[in-house]
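The block underneath contains the structure these notes are about, expressed in structure tokens.
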Amino acid sequence: MDILTSGLLLSAVGVVVVFLMSSTRQSRQQDTFKHKSLSRNANRAARQQKELHLDEQTRFVDSPKRKPYRLLNDAEQNLYHRLREAMPNMQIFTQIGVAQLAQLRGRLEAQALASMAGRGVDFVVCDAHFAIIAAIELAWPSNSEDTKCPEEEKRKALQRLGIPLIVFRPNNLPDADVISREIADAIVRRNRLEADRLKAA
């Protein structure tokens with residue numbers, strides 16, 4: 001083998017060695033880049049998981065900041081529990097429409113009070129046999145003395161049905177004793193209204 005051939009072979013070997021070293025370096029760099037990328041993705045996923053407030057047991061989104069979807073607000077819930085305390089043997093129903101109560105009296109009453117559609121009372125109190133004793137409303141006082149104010153319209157509509165209306169104020173919720181007296185008075189008024197209805201019939 002002459003000197004020229006030997007030189008070419010050495011050059012070729014050198015090129016191969018340089019190429020292999022370069023390929024190894026690039027492969028290591030790519031592995032490092034992939035590792036860092038996976039690590040960043042894992043950290044990002046962990047941050048998103050914390051931001052979503054994932055429950056540790058179910059892994060479902062737990063959003064305590066969401067406003068609860070409730071049938072009764074805080075004041076109404078407070079009054080409901082006081083009603084239960086004062087009347088443990090009574091049935092208490094919530095958010096009942098006046099039109100629904102009118103339908104229980106028959107088609108004529110339902111037609112006469114059709115304008116009350118969409119209006120309701122917060123609570124309806126019934127005895128053990130589900131006979132209606134009184135309706136209860138939790139409302140702020142009206143500044144108007146007009147007989148056509150919403151509260152008076154509701155009172156008159158319920159009176160036509162033979163149902164006395166008791167109104168409590170959110171800033172002055174009654175205790176159990178006051179509620180008991182109001183219900184006792186409502187029973188007397190209910191009997192009087194029912195007697196008047198029978199006479200009119």
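The values are calculated or read from the model by the stated rules, or taken from the named source; none is laboratory data. Not measured: the values here are computed from a predicted model. All Cβ positions, even for glycine, are placed from backbone atoms using ideal geometry, and neighbour counts span all protein chains on display.
In a residue-by-residue description of the stretch 120-136, the property of being more than 15 Å from ILE92 (Cα to Cα), among the β-branched types (Val, Ile, Thr) and either surrounded by 12 or more Cβ atoms within 10 Å (Cβ to Cβ) or in contact with an Asp or Glu (Cβ under 9 Å, 6 or more places away or on another chain) (or both) applies to no position.
Quick check on PRO88: is it within 19 Å of ALA176 (Cβ to Cβ) and either basic (Lys, Arg) or not in a strand (DSSP E or B) (or both)? It is true that PRO88 is within 19 Å of ALA176 (Cβ to Cβ) and either basic (Lys, Arg) or not in a strand (DSSP E or B) (or both). Here ARG190 clears all of (1) touching a residue at least 40 places away in the same chain (Cβ under 8 Å); (2) surrounded by fewer than 14 Cβ atoms within 10 Å (Cβ to Cβ) except the condition numbered (2). Can you confirm whether ALA139 is among the aliphatic types (A, V, I, L, M) and within 29 Å of the chain's Cα centre (by Cα)? Yes; evaluated as a whole, the condition is true for this residue.
Restricting attention to the stretch 73-105, the residues being of a type in the set (D, E, K, R) and in contact (Cβ under 8 Å) with a residue 40 or more places away in the chain number 4. Scanning the stretch 60-72 for residues that are at pLDDT below 90 and assigned to a loop (DSSP other than H, G, I, E, B) yields PHE60, ASP62, SER63, PRO64, LYS65, ARG66, LYS67, PRO68, TYR69, ARG70, LEU71.
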